[in-house]
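Trainee: Quick one: the structure is below, and I'll ask about it shortly.
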Amino acid sequence: MRRPMVAGNWKMNLRRSEAAALARGLVDGVNAVKNAEVLICPPYIHIADAESIVSGSAVQLGAQNLSDQDGGAFTGEISGPMLKDYGCTHVIVGHSERRALYGESDEVVARKFARAQKHGLIPVLCVGELLEEREAGNTESVVARQLDAVIQANGIATLANAIIAYEPVWAIGTGKTATPRQAQEVHAFIRGKLAGMDSTIAEGLRILYGGSVKSGNAEELFSQSDIDGGLIGGASLDAAEFLAICRAA
């Protein structure tokens, strides 16, 4: 049985004291979360503080991005080994904002996925469609293309040590949410596509939903058979709200 995970993507939010207070609040409340894994992904600059706070607790630590290089003359970049040095176990790759705002192609995402695993980090691979792609009926082809880029570069076996997050881009930060049925349909498509390559990997793979998840809709979303938790944005910035989502999982 797949153990649910709820991951908080703090994005570019919170001053240092606020981030520390949020991390403490999660550590204090995480014992009430019985069945789900809890992951937080702060901005790079807050990772060191977060590590000191969550160390020894059930809260896991991840990053929002990493370089596709191990080191060298890449100003502004952060490598996998650097993240490991600060206690990170996971890293988000291919978030829709990285794809849309910073021009990360499917090929770049595939390289970042590989770098993460090379250095012992579990990649949380984000896939998802734009509003116009959904309206054109291209959701499955877009998601399939994004998955295929990673699989063709790295092999289906690498998904045994990865997590996928389906994030309909039109439902991120907009207040819109895919209905549980819409979300389940895409999650089932992802699992079915992968099952055609390796049924064992597909069955064990956790597929998170990311798209305006809140405590009020989390339980219904997470009750769907192929939704194994959530990648949470804005709602992860409030400890009580985020923990309520974790309990729903």
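The values are calculated or read from the model by the stated rules, or taken from the named source; none is laboratory data. The shown structure was predicted, so the numbers you read here are calculated from the model rather than taken from an experiment. Cβ sites come from the backbone with ideal geometry, for glycine too, and all protein chains shown count toward neighbours.
Trainee: What single numbered condition from (1) in contact (Cβ under 8 Å) with a residue 40 or more places away in the chain; (2) surrounded by fewer than 15 Cβ atoms within 10 Å (Cβ to Cβ); (3) more than 17 Å from residue 88 (Cβ to Cβ); (4) not small (Gly, Ala, Ser) fails to hold for residue 75?
Mentor: Checking residue 75 against (1) in contact (Cβ under 8 Å) with a residue 40 or more places away in the chain; (2) surrounded by fewer than 15 Cβ atoms within 10 Å (Cβ to Cβ); (3) more than 17 Å from residue 88 (Cβ to Cβ); (4) not small (Gly, Ala, Ser), the one that fails is (1).
Trainee: Further question on the same structure: Taking the condition of being of a type in the set (S, T, N, Q) and surrounded by 14 or more Cβ atoms within 10 Å (Cβ to Cβ), how many residues in segment 85-105 meet it?
Mentor: Here the count works out to 2.
Trainee: Residue by residue through segment 106-140, note down the ones that are surrounded by 22 or more Cβ atoms within 10 Å (Cβ to Cβ) and out of contact with any helix residue (DSSP H, G or I) (no Cβ under 8 Å at 6 or more places or on another chain).
Mentor: Within segment 106-140, 112, 124 meet the criteria.
Trainee: Out of 65, 31, I need the residue that is modelled with pLDDT under 95 and either more than 17 Å from residue 242 (Cα to Cα) or surrounded by fewer than 15 Cβ atoms within 10 Å (Cβ to Cβ) (or both). Which one?
Mentor: Selected residue: 31, the only one of 65, 31 that is modelled with pLDDT under 95 and either more than 17 Å from residue 242 (Cα to Cα) or surrounded by fewer than 15 Cβ atoms within 10 Å (Cβ to Cβ) (or both).
Trainee: Have a look at 96, 105 and point out the one that is over 16 Å from residue 202 (Cα atoms) and touching a residue at least 60 places away in the same chain (Cβ under 8 Å).
Mentor: Matching residue, one of 96, 105: 96.
Trainee: Kindly state which helices (runs of 4 or more DSSP H) lie completely within segment 95-151 and contain at least 3 residues that are modelled with pLDDT of 95 or more and farther than 18 Å from residue 170 by Cα.
Mentor: It comes to 106-118.
Trainee: What is the one condition in (1) surrounded by 12 or more Cβ atoms within 10 Å (Cβ to Cβ); (2) under 22 Å from residue 104 (Cα atoms) that residue 46 does not satisfy?
Mentor: Unmet for residue 46, out of (1) surrounded by 12 or more Cβ atoms within 10 Å (Cβ to Cβ); (2) under 22 Å from residue 104 (Cα atoms): (2).
Trainee: Please note which strands (runs of 3 or more DSSP E) are completely contained in segment 153-249 and include at least 3 residues that are loosely packed, with under 15 Cβ neighbours inside 10 Å.
Mentor: So the answer is none; nothing clears 3.
Trainee: Another question, if that's okay. For residues that are of a type outside the set (S, T, N, Q) and part of a loop (DSSP other than H, G, I, E, B), tally how many sit in segment 56-86.
Mentor: 13
Trainee: Restricting to segment 135-180, count the residues that are among the basic types (Lys, Arg) and either in contact with a Pro (Cβ under 7 Å, 6 or more places away or on another chain) or in contact (Cβ under 8 Å) with a residue 60 or more places away in the chain (or both).
Mentor: Of the residues in segment 135-180, 0 are among the basic types (Lys, Arg) and either in contact with a Pro (Cβ under 7 Å, 6 or more places away or on another chain) or in contact (Cβ under 8 Å) with a residue 60 or more places away in the chain (or both).
Trainee: Another question, then. Please determine, by comparing only the residues of segment 152-174 that are among the β-branched types (Val, Ile, Thr) and modelled with pLDDT under 95, which one is farthest from the chain's Cα centre (by Cα).
Mentor: 174
Trainee: Here is a list of conditions, (1) touching a residue at least 40 places away in the same chain (Cβ under 8 Å); (2) closer than 20 Å to residue 246 by Cβ, and residue 47 meets all of them except one; can you say which number that is?
Mentor: Condition not satisfied by residue 47: (2).
Trainee: Please state which of the following conditions residue 87 fails to meet, knowing it meets all the rest: (1) within 18 Å of the chain's Cα centre (by Cα); (2) small (Gly, Ala, Ser); (3) on the phi < 0 side of the Ramachandran plot; (4) at pLDDT 95 or above.
Mentor: (3)
Trainee: What are the residues in segment 54-65 that are of a type outside the set (Ser, Thr, Tyr) and more than 17 Å from residue 236 (Cα to Cα), if any?
Mentor: 56, 65, listed by residue number.
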